[in-house]
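K.L.:
My questions will all concern the structure given below.
The values are calculated or read from the model by the stated rules, or taken from the named source; none is laboratory data. Worth saying up front: this structure is predicted, and the values here are computed from it rather than measured. Here the Cβ is made from the backbone with ideal geometry for all residues, glycine too, and neighbour counts use every protein chain on show.
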Amino acid sequence: MSTPDTVRAELLARIQSSDQPHEVLRAPELRALADEIKTLPPEQRANAGRALNELKQALAVAIDERQAVLDDAALAPIDVTAPWDANSKRPDLLPTEYGSRHPISVELEHIIDIFTRMGFDAHESRQLDDDWNMFGALNFPEGHPARDGYDTFRTEEGFIPPAHTSTMQNRVLKDGKAKLEAGGQIASISYGRVFRNEDVDATHEHTFYQQEGVFVSKDATLGQMLGTLRAFFEEYYGQKLAIKTQPGYFPFVEPGLEFLIEKPASIGGKPGDWLEMLGCGMIHPNVLSAAGIDPTKYRGFAWGGGVERMIMLKYGIEDLRHFESGKLAFLRKFA
């Protein structure tokens, strides 16, 4: 005849391996113990009944503990990157294909390498900033219509996901002021993600990357700026390039220019085919003053442009949306 202790061990083990632990309370072993009590002498039935109740209580505790474990497992986040369906059994063999670095990461590193070899410091821009660094320090008066051209997002607290990496400019100028006054110069680039309220299509994205540079000295000139940018683009694309500029308006530079390169023949360019690459110009005196730098003693130039545009030209990529698509067919081209 089974004893409560024997049944307890068997049913506890069953509970720990069951996905439906409450079913154990309907086990035939428990019914058999209850039926056996009726066959016992009257003086033994009370003790046998207590033993059966204690067994059921122990099983109830074990069932609750097991159910809690099952409930926690059900709430565990689904790994959306797993190469099998969430409701399917995990395969014995998993794919062993290795990933690769994203082309934007690779090309940003190349851009930074070129400029640092030219003597520039490099700083990653912020992804959340305030109105002063986004607009005020860059000569955007309150309510000025030029702010509309940098339409971006705002948090409930009033912070701004920057619409350009120029939000770093005031910080770079302030940090370099001591070096400038000691007879040196400020030479720095900033890079990172920027955010704008854009309709997404083949040439526009609401989130993209920019790189921008600042140079300040006692005698900085437009000629130095054009030579710097030409040297950079020739190194980046690995060939000699014709360049030209045309007037452009940016509140933080005066004069402001748009910098163009002749479309390389390697991607079907012909003489007279020009591509605008970035905006640039001499830093506005108000921007220098906002950083505590005397514009009557020092002058500088700055530029800024999109990184994806440079990469698209380099590799003949026809659609800007590929960069954020997560499509393996696209990413494998850069593996």
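K.L.:
When the residues of the range 281-313 are filtered to those that are closer than 30 Å to ALA202 by Cα and in contact with a Ser or Thr (Cβ under 8 Å, 6 or more places away or on another chain), which remaining residue is surrounded by the fewest Cβ atoms within 10 Å (Cβ to Cβ)?
P.N.:
At the first step, the residues of the range 281-313 found to be closer than 30 Å to ALA202 by Cα are 281, 302-313.
Subsequent filtering for residues that are in contact with a Ser or Thr (Cβ under 8 Å, 6 or more places away or on another chain) retains 302, 304.
Working: ALA302: 27, GLY304: 22.
Looking at the filtered set, the residue picked out is GLY304.
K.L.:
Go through (1) surrounded by 16 or more Cβ atoms within 10 Å (Cβ to Cβ); (2) over 21 Å from PRO162 (Cα atoms) and name the single condition GLY272 misses.
P.N.:
For GLY272, the exception is condition (1).
K.L.:
Could I ask something else about it? Which strands (runs of 3 or more DSSP E) does the range 188-265 wholly contain that include 1 or more residues that are aromatic (Phe, Trp, Tyr) and crowded, with 20+ Cβ neighbours inside 10 Å?
P.N.:
Filter on the range 188-265 gives 207-217, 253-262.
K.L.:
Quick test for you: out of GLY248, GLY272, GLY292, pick the one residue that is of a type in the set (Gly, Ala, Ser) and modelled with pLDDT of 95 or more.
P.N.:
Details: GLY248 fails: modelled with pLDDT of 95 or more; GLY272 fails: modelled with pLDDT of 95 or more.
Answer to the check: GLY292.
This table checks each residue for (1) over 15 Å from VAL7 (Cα atoms); (2) exposed (fewer than 14 other Cβ atoms within 10 Å of the Cβ); (3) of a type in the set (Gly, Ala, Ser).
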{"position": "HIS22", "(1), (2), (3)": "yes, no, no"}
{"position": "LEU30", "(1), (2), (3)": "no, no, no"}
{"position": "ALA34", "(1), (2), (3)": "no, yes, yes"}
{"position": "THR39", "(1), (2), (3)": "yes, yes, no"}
{"position": "PRO42", "(1), (2), (3)": "yes, yes, no"}
{"position": "LEU52", "(1), (2), (3)": "no, no, no"}
{"position": "ALA62", "(1), (2), (3)": "no, no, yes"}
{"position": "GLU65", "(1), (2), (3)": "yes, yes, no"}
{"position": "ALA73", "(1), (2), (3)": "yes, yes, yes"}
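K.L.:
For the range 277-335, list the helices (runs of 4 or more DSSP H) that sit wholly inside it and hold at least 1 residues that are over 25 Å from PHE259 (Cβ atoms) and within 19 Å of the chain's Cα centre (by Cα); which are they?
P.N.:
328-331
K.L.:
Could you look through the range 151-176, keep only residues that are of a type in the set (Val, Ile, Thr) and surrounded by 15 or more Cβ atoms within 10 Å (Cβ to Cβ), and pick out the one that is modelled with the highest pLDDT? If you could, list the steps in order and put the result at the bottom.
P.N.:
Within the range 151-176, the subset of a type in the set (Val, Ile, Thr) is 152, 155, 160, 165, 167, 172.
The next check asks that each one be surrounded by 15 or more Cβ atoms within 10 Å (Cβ to Cβ); those that pass are 152, 160, 165, 167, 172.
Working: THR152: 76, ILE160: 88, THR165: 92, THR167: 92, VAL172: 96.
Top of the filtered list is VAL172.
K.L.:
Looking at ARG171, ARG117, which one is free of Cβ contacts under 8 Å to residues at least 12 places away in the same chain, among the charged types (D, E, K, R) and closer than 20 Å to GLY213 by Cβ? Full working, then the answer.
P.N.:
Values: ARG171 fails: free of Cβ contacts under 8 Å to residues at least 12 places away in the same chain.
One residue alone meets the criteria, ARG117.
K.L.:
Right, something else. Take the range 209-250 and flag every residue that is of a type in the set (Gly, Ala, Ser) and either free of Cβ contacts under 8 Å to residues at least 12 places away in the same chain or under 20 Å from ARG309 (Cβ atoms) (or both).
P.N.:
Result: GLY213, GLY223, GLY227, ALA231, GLY238, ALA242, GLY248.
K.L.:
Would you point out the residue of the range 109-150, among those that are among the basic types (Lys, Arg) and in a helix (DSSP H, G or I), that is surrounded by the fewest Cβ atoms within 10 Å (Cβ to Cβ)? Lay out the reasoning, then the answer.
P.N.:
Taking the range 109-150 as the starting set, the residues that turn out to be among the basic types (Lys, Arg) are 117, 126, 147.
Subsequent filtering for residues that are in a helix (DSSP H, G or I) retains 117, 147.
Values: ARG117: 9, ARG147: 17.
Across the range 109-150, the extreme among qualifying residues is ARG117.
K.L.:
How many residues, within the range 1-38, are touching a residue at least 24 places away in the same chain (Cβ under 8 Å) and either in contact with a Leu (Cβ under 7 Å, 6 or more places away or on another chain) or assigned to a helix (DSSP H, G or I) (or both)? Talk me through it step by step, then tell me what you get.
P.N.:
If we filter the range 1-38 for residues that are touching a residue at least 24 places away in the same chain (Cβ under 8 Å), which is where we start, we get 1-2, 4, 7-8, 11-12, 15-16, 18-19, 21-22, 24-25, 29-30, 32-33, 36.
Restricting the remaining residues to those that are either in contact with a Leu (Cβ under 7 Å, 6 or more places away or on another chain) or assigned to a helix (DSSP H, G or I) (or both) gives 2, 4, 7-8, 11-12, 15-16, 19, 21-22, 24-25, 29-30, 32-33, 36.
So the answer is 18.
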